[in-house]
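To start, the structure under review is shown below, and the notes come after it.
The values are calculated or read from the model by the stated rules, or taken from the named source; none is laboratory data. These numbers were taken from a predicted model, which means no experiment stands behind them. Virtual Cβ from ideal backbone geometry, glycine too; neighbours counted across all protein chains shown. Quick note on the areas: whole protein, heavy atoms, side chains included, nothing else; ligands and nucleic acids left out. Shrake-Rupley method; radii C 1.70, N 1.55, O 1.52, S 1.80 Å.
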Amino acid sequence: MPATAYVNGRYLPLAGARLPVEDRGTQFADAVYEVVAMFGGRPLDWEAHCWRLRRGLAALFIEGAPSDAALGRIAQTLWRRSRLADGLLYIQVSRGTARRDHGFPEGVRPNLVMTARPFDFRKRLAQQQGGVAVVSLPDQRWKRCDLKTTGLLGAVLAKAEARRLGAFEAMFHLEDGTVTEGASTNMWLVTPSGTLVTHPLSAKILPGVMRDTVLRLAREAQFAVAERPFTLDEARAAPELFLTSTTGPLLPVTRLDDAPVGTGKPGPAATRLATLLWAEIARQTGWTP
Ligand code: PDD
């Protein structure tokens, strides 16, 4: 069976991959992670994912994780051994294994896990053409949403509620109606005059890699862009909404709660940006649908 997991130096089938029960990630969500899109064995935006992982490790004071170069070598070896082409590479670094105690343990080494999973990005093209539904839900997460930690219960519960309601994603809002992001995506709207709006970087959202890529592509294509908060009311009145994420990568939102967004069909801005994004994916990885 091909190796689809890596655990602290060993490549092995996912079913046999294990971490100790007292891994700090398991007991405290004392861990950061990344999800990287692999197209034909090539990672998309690898440096940006490494940068975010490094930032998270520093914020959690986790020391001793392998260098970016070492992570890259492990990822490449894992992908080769997994014999996958397109898929998702998952990377998780926890503080390590130690007797349960809230305080930082002394002298532990981080636990490093990677998994390789197939993912059909072509399926996303159909969703891109049809658009997806989202439901607004209160943002009940902690106050450091900029850190990609494995403490994902707020997102997990919201995603479950969204699916129960037949939606693809939750659109999180604060008590004052400000939209922050999705449970596992960044949220965007297009104003009636065509400006792209997405929440500014802060502790309230994850600095999405795809958010950053789309911002760059949009600016290069002369879109007007505003990184500012927007409200649920503004979202309900917007001609277009869309979401971005590694697994998206860009999906038009055609339904918000009980109402269609704009015409109820993917709009021109989202459609154009998605085209630019697939071209960027092809440029970086050589992948075409
Ligand atoms: N989720 N916001 C949140 C809360 C996320 O969890 C994610 C990613 C994003 C988009 O970030 P990026 O563009 O870097 O994928 C925004 C990943 C895919 C996950 O947890 O599976």
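Packing order of peptides 160-167, 208-215, highest average first: 208-215, 160-167 (average count of other Cβ atoms within 10 Å over each peptide's residues).
Only DSSP H runs of four or more residues enter the estimate; each adds -39500 (n - 2.57), and after division by the residues of the chain the mean residue ellipticity at 222 nm equals -10000 deg cm²/dmol. Assuming R0 = 25 Å, what is the FRET efficiency of Leu174 and Ala59, from their Cβ-Cβ distance, to the nearest 0.05? Between Leu174 and Ala59 the formula returns 0.70.
Could you list the residues of the stretch 52-96 with an amide nitrogen less than 13 Å from a label point located 7 Å from the Cα of Phe28 in the Cα-to-C-beta direction? Zone members listed by number: 60-63, 94-96. Given in Å, the Rg to one decimal and the Dmax to the nearest whole number for the Cα atoms of the chain are 19.3, 58. Pairs exceeding a 27 Å alpha-carbon distance, out of Lys159/Lys265; Lys143/Lys265; Lys123/Lys265: Lys143/Lys265.
Count charges around Ala59 for me, please; just the other residues with Cβ under 11 Å from its Cβ, Lys/Arg as +1, Asp/Glu as -1.
Here the count lands on +4.
The Cβ shell under 9 Å around Cys50 holds other residues with a net charge of -1, Lys and Arg each +1, Asp and Glu each -1. Measuring r between the beta carbons of Leu12 and Ala259 and using R0 = 45 Å, the FRET efficiency lands at 0.40. Subtracting the Cα-Cα distance of Trp142 and Ala282 from 0.36 nm times their residue separation leaves 46.8 nm of extension gain. If a spin label sat at a point 7 angstrom from the Cα of Thr275 along the line to its beta carbon, the backbone N atoms of the stretch 124-150 nearer than 15 Å would be those of 129. Rounded to the nearest Hz, the phi-derived 3J(HN,Hα) couplings of the stretch 209-217 under the Karplus curve 6.51 cos²θ - 1.76 cosθ + 1.60 (θ = phi - 60°) are 5, 5, 4, 5, 4, 5, 4, 4, 5, where x marks glycine and proline.
Remark: the stretch 1-74 carries 48 Å² of accessible area per residue (probe radius 1.4 Å; ligands, DNA and RNA excluded). With protein chains left intact and a 1.4 Å probe, residues in the stretch 124-285 average 43 Å² of accessible area per residue. Within the set of other residues whose C-beta is less than 15 Å from the C-beta of Ile205, count the net charge using Lys and Arg as +1 and Asp and Glu as -1. That works out to +3.
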